[in-house]
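The values are calculated or read from the model by the stated rules, or taken from the named source; none is laboratory data. Everything numeric in this text was worked out from a predicted model, so none of it was measured. Every residue, glycine as well, gets a Cβ built from its backbone with ideal geometry; the counts of neighbours run over all protein chains shown.
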Amino acid sequence: MAEEKRYWWLQLEHDFFDQKEIRALKRKEHGYILTTIYLELMLKSLKTSGSLFFDGIEDDFISELALEIDEPEDMVAIVFEFLKSKNLLVQVSDDEIQLPSAMTRIGSKTQAAVRKAKQREREKAQSNVTVSEYGVTLSQIGHVKKRTI
């Protein structure tokens, strides 16, 4: 049986860009690019609960991350060191890093859960229809014409 599709998301607070660490990153030269790299790293870590792994394709972790997110290696190195200094990136081992702030922002649902939520929504909408004593729904009352016999 095929593996069920899963939807992942990264939840950001409304004031994410107002946080001191993010403001400091934005103030650096090419700050908006650096901030985008940080967001890309968090998105890459969604399926692994906030962790990124070194597969040995490149010579070092930073080179491999740069390849994976298609960003310049020097920019990724700046972000890597900045995040490490602010404890937003923890090097667990030579082949694993964790992004603690990403770990708390990750959410996911299966495709079946999305379908079930839509079904419940439809059922709730249908249960809100009230039938009058004459078998006419309240939404139809304005559309009924009187007939004389």
Practice item. Check ASP74, ASP59 and return the single one that is part of a loop (DSSP other than H, G, I, E, B), without any contact (Cβ under 8 Å) to a residue 12 or more places away in the chain and either surrounded by fewer than 20 Cβ atoms within 10 Å (Cβ to Cβ) or touching a helix residue (DSSP H, G or I) at 6+ places or on another chain (Cβ under 7 Å) (or both). Key: ASP59
Review point. Can you find a residue in the range 10-21 that is modelled with pLDDT under 90 and not in a loop (DSSP other than H, G, I, E, B)?
Key: yes
**Study point:** Residue in the range 79-89 that is in contact with an Asp or Glu (Cβ under 9 Å, 6 or more places away or on another chain) and closer than 30 Å to GLU4 by Cβ present
**Key:** no
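For (1) in contact with a Lys or Arg (Cβ under 8 Å, 6 or more places away or on another chain); (2) modelled with pLDDT of 90 or more; (3) exposed (fewer than 13 other Cβ atoms within 10 Å of the Cβ); (4) assigned to a helix (DSSP H, G or I), each residue gets a yes or a no:
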| position | (1), (2), (3), (4) |
| --- | --- |
| ALA2 | no, no, yes, no |
| TRP8 | yes, no, yes, no |
| GLU29 | no, yes, yes, no |
| THR35 | yes, yes, no, yes |
Revision key, fill the gap. Restricting the range 103-149 to residues that are in a loop (DSSP other than H, G, I, E, B), among the β-branched types (Val, Ile, Thr) and at pLDDT below 75, the one nearest to the chain's Cα centre (by Cα) turns out to be VAL129
